[in-house]
Each structure stands twice: as structure tokens, then as C-alpha cells.
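Contents: one structure, followed by commentary.
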Amino acid sequence: MTRIIEKTNPRLTSLISLLKNKGRENEAKIWREIANRLETPNRNYAEVNLSKINRYAQNGETIIVPGKVLGSGVLEQSVKVAALNFSASATSKIRDAKGQCMTIEQLIKDNPKGSGVRILR
């Protein structure tokens, strides 16, 4: 018999339900994909370094990370980064590069259709 384990973090459960609702309302598949990735166990969450964001993002682009952004590497372009969590060094390096750190909830509010957003993991 399989065990059903639910998330105990109230912020995470409300975020997952918000993502599913916005995905249905706006017919945006990106929010459903992020919700599916956040429903997985914590050990499967993405951990993305700034060097990877620098490698794959264009200047002025919006990036979403369904996990944590870490501060290893250098960020040379101005990007908007939305993630579940940020390390302290990552937030300072993103702000030094004239970028913007935001939560996934803020990104949903700013861009409900999810257009022009790239997922990194």
C-alpha cells in the first residue's frame, strides 16, 4: 500500500493551489508545470546557481526557478528571477547586476498569462 504524503508547509500548499487555479483561469500551461514540479518531494527541487542563469538567460528576460537560487557564479545581465527561495548571496548579486528578485506569487500577479517566462532547473 502506498503512502500519501501531503505538504506540511502552508505557504507551499497555498502556492500550489494558486498555480493550479491561475493555470486553469488563464489557460497558461506554465503555471500547471510549476505546480507539478513543486508537488514533488523537496529533494527533487531545482537548485540553480547564478552561473547557469547567466549562461541561459538573455538580458531583460524573466526566469522562474521551481526551487532555490544559489549564489555561485557571476551574473552579468539584468534579469528578473522568480523562485521559491533565494540564498543571501544570490539576492545581493542579482541586485548588483540591476536585476530583480521576486517570489513566484509576485510573478503570477505581474504576468498572469506566463508569457515570456523561461523555466530553469
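Would you please name the residue that is modelled with the lowest pLDDT, looking only at residues in the range 106-121 that are touching a strand residue (DSSP E or B) at 6+ places or on another chain (Cβ under 9 Å) and not hydrophobic (A, V, I, L, M, F, W, C)?
R121
Would you tally the residues in the range 2-40 being more than 16 Å from the chain's Cα centre (by Cα) and either of a type outside the set (D, E, K, R) or within 24 Å of I94 (Cα to Cα) (or both)?
8
Given the conditions (1) under 14 Å from the mean Cα position of the chain (by Cα); (2) over 11 Å from I104 (Cβ atoms), and given that L75 satisfies all but one, which numbered condition is not satisfied?
(1)
Condition check: within 10 Å of the chain's Cα centre (by Cα) and surrounded by 16 or more Cβ atoms within 10 Å (Cβ to Cβ). Does A46 satisfy that?
It is true that A46 is within 10 Å of the chain's Cα centre (by Cα) and surrounded by 16 or more Cβ atoms within 10 Å (Cβ to Cβ).
Note down all Cβ pairs under 6 Å where the first residue falls in the range 85-109 and is within 17 Å of N54 (Cα to Cα), the second is charged (D, E, K, R), and they're at least six residues apart or on different chains.
Q100/K80
Within the range 7-32, track down each residue that is among the charged types (D, E, K, R) and more than 25 Å from G71 (Cα to Cα).
Selection gives K7, K20, K22, R24, E25, E27, K29, R32.
Taking E39 as the residue in question, decide whether it is touching a residue at least 24 places away in the same chain (Cβ under 8 Å), of a type outside the set (A, V, I, L, M) and on the phi < 0 side of the Ramachandran plot.
Taking the combined requirement at face value, the residue satisfies it.
Can you run down the residue pairs with Cβ atoms below 6 Å, 6 or more apart or on separate chains, where the first is in the range 44-55 and within 18 Å of V79 (Cα to Cα) and the partner is surrounded by 16 or more Cβ atoms within 10 Å (Cβ to Cβ) and modelled with pLDDT under 95?
Pairs found: none.
Quick one: in the range 68-119, which of the residues that are surrounded by fewer than 15 Cβ atoms within 10 Å (Cβ to Cβ) and in contact with a Gly (Cβ under 6 Å, 6 or more places away or on another chain) is nearest to R24 (Cα to Cα)?
In this case the residue turns out to be S78.
The values are calculated or read from the model by the stated rules, or taken from the named source; none is laboratory data. Model, not experiment: these values are computed from the prediction. Cβ sites come from the backbone with ideal geometry, for glycine too, and all protein chains shown count toward neighbours.
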